[in-house]
Amino acid sequence: MLVRDRMTAPVITVGPKTSIHDALALMKERRIRRLPVLKGQHLVGIVTWTDLMRASPSPATSLSVWEISYLLMKAPVSEVMTKNVITTSPGATIEEVAVLMRRNKIGGLPVVEDGGVVGIITESDIFDAFIDLMGLNRGGTRLTVEIENRIGALEEVVRIIRDCQVNISSLAAYVVDNAAQAVIRLETSYPLHVVQALADQGVKVTHLAPLPEVGESGPEATPSPSPQPR
């Protein structure tokens, strides 16, 4: 999955001279938390909700609190924006972006192509991509198994499941404490025969859980959260 598949476009931007007041109002209206700052078509910075809320005058001022608030809200975003902006491209992978965000402890990246900003991708987009990749909203069963550290071990697990006439919707392998595991989503709500077949072949199932479908209701269904700012 690539950035172009998950980014928000077109992106909402502001200019360096946009006031802090206007930038805050725009974020609130559009329910967003970051704004690329463009001078013409050139990216010169990025400003976040946190940047604007942290903006404060010097304590060595003799102005009243009302004068301070007025001057602060009239100040341009260029005074509080981050100037050395980390960006990505539409052709970058979601995994690359996730690592980049985590490594730099940031929640969003402008997407740049041919020198222009063509979109923005945020941590919310990464979460949504993970949910989609793992099929977590499509029902079925989530199965976690231990995988032996040898060539063909994962292939054998897939074969056993195939022989049980059950379809695999998604599969992800990873290592925990030097032990390889695979998380497999099965398109069935009745996986016990699969678990038994795996056990018969010496494959250890470490976790088994049903997955809710989109729109599922009932006492165990998780209520849909209110839309959050991006």
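The values are calculated or read from the model by the stated rules, or taken from the named source; none is laboratory data. If you're wondering where the values come from, they're calculated on a predicted model, not measured in any experiment. Note: ideal-geometry Cβ built from the backbone for every residue, glycine included; neighbour counts use all protein chains shown.
General remarks:
- Pairs, first hydrophobic (A, V, I, L, M, F, W, C) in the stretch 82-103, second assigned to a loop (DSSP other than H, G, I, E, B), C-beta under 7 Å, six or more apart: I86/I106; I94/M1; L100/I86; M101/G107
- Selection status of V80, surrounded by 14 or more Cβ atoms within 10 Å (Cβ to Cβ) and at pLDDT 95 or above: no
- Residue-level check: of (1) under 29 Å from E95 (Cα atoms); (2) at pLDDT 90 or above; (3) among the hydrophobic types (A, V, I, L, M, F, W, C), C164 misses just (1).
- Every residue from the stretch 134-190 that is of a type in the set (K, R) and in contact with a Ser or Thr (Cβ under 8 Å, 6 or more places away or on another chain): R138, R185
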